[in-house]
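Before we start, here is the structure in question, set down as structure tokens.
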Amino acid sequence: MKQEAVPYKRMLFVCTNRRDNGEACCADRGSEAILAGIKEAIKSKGLARYVRAMRSGCHDVCAKGPSVVMFPDGVWYHDVTQADAERIVEQALSGIPSC
């Protein structure tokens, strides 16, 4: 096993969990499109080497979804819409000196 520092300044985890039992879930509220919007905003700003967006499993707050968690800051965004994607990426940039 090798260990290295994380190569990104910020990581955005978008819950894309889907529940098969009919309960509310982030996937049913458009989280896949939100993830795509965040990835597009990162790409269009040329930030792929600083900010990484990825799907995640359940954040266990389905009633407040869709949700996005930003690390290492520990920021939790909930009730996210596609319109929020650009603003989330802008907030991920704040405090990164090399961006």
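Considering only segment 17-99, give the strands (runs of 3 or more DSSP E) lying wholly within it that have at least 2 residues that are under 29 Å from residue 5 (Cβ atoms) and among the β-branched types (Val, Ile, Thr).
The qualifying strands (runs of 3 or more DSSP E) are 67-71.
In segment 1-33, which residue that is modelled with pLDDT under 95 and among the hydrophobic types (A, V, I, L, M, F, W, C) is surrounded by the fewest Cβ atoms within 10 Å (Cβ to Cβ)?
Top of the filtered list is 5.
Since residue 5 meets every condition but one in (1) of a type in the set (A, V, I, L, M); (2) under 11 Å from the mean Cα position of the chain (by Cα); (3) in a loop (DSSP other than H, G, I, E, B), which condition does it not meet?
All conditions pass for residue 5, except number (2).
Moving to a separate point now. Being within 14 Å of residue 68 (Cβ to Cβ) and hydrophobic (A, V, I, L, M, F, W, C) is the filter here; which residues of segment 1-32 pass it?
Once the filter is applied, which keeps residues that are within 14 Å of residue 68 (Cβ to Cβ) and hydrophobic (A, V, I, L, M, F, W, C), segment 1-32 yields 11, 12, 13, 14, 15, 26, 27.
Next question, about the same structure. Check segment 13-26 and report whether any residue there is without any contact (Cβ under 8 Å) to a residue 40 or more places away in the chain and under 12 Å from the mean Cα position of the chain (by Cα).
no
I would also like to ask the following. Considering only segment 40-80, state which residues are in contact (Cβ under 8 Å) with a residue 40 or more places away in the chain, under 19 Å from residue 91 (Cα atoms) and among the hydrophobic types (A, V, I, L, M, F, W, C).
Of everything in segment 40-80, those that are in contact (Cβ under 8 Å) with a residue 40 or more places away in the chain, under 19 Å from residue 91 (Cα atoms) and among the hydrophobic types (A, V, I, L, M, F, W, C) turn out to be 41, 42, 47, 51, 53, 54, 68, 69, 70, 71, 80.
Can you find even one residue in segment 39-61 that is under 13 Å from the mean Cα position of the chain (by Cα), aromatic (Phe, Trp, Tyr) and surrounded by 15 or more Cβ atoms within 10 Å (Cβ to Cβ)?
The answer is no; no qualifying residue exists.
Just need a number here: residues in segment 62-95 that are over 28 Å from residue 24 (Cα atoms) and either of a type in the set (Lys, Arg) or exposed (fewer than 13 other Cβ atoms within 10 Å of the Cβ) (or both).
Selection size over segment 62-95: 3.
The values are calculated or read from the model by the stated rules, or taken from the named source; none is laboratory data. Quantities reported herein were computed from a predicted structural model and do not represent experimental measurements. A quick note on method: Cβ atoms are made from the backbone with ideal geometry, for glycine too, and the neighbour counts reach across all protein chains shown.
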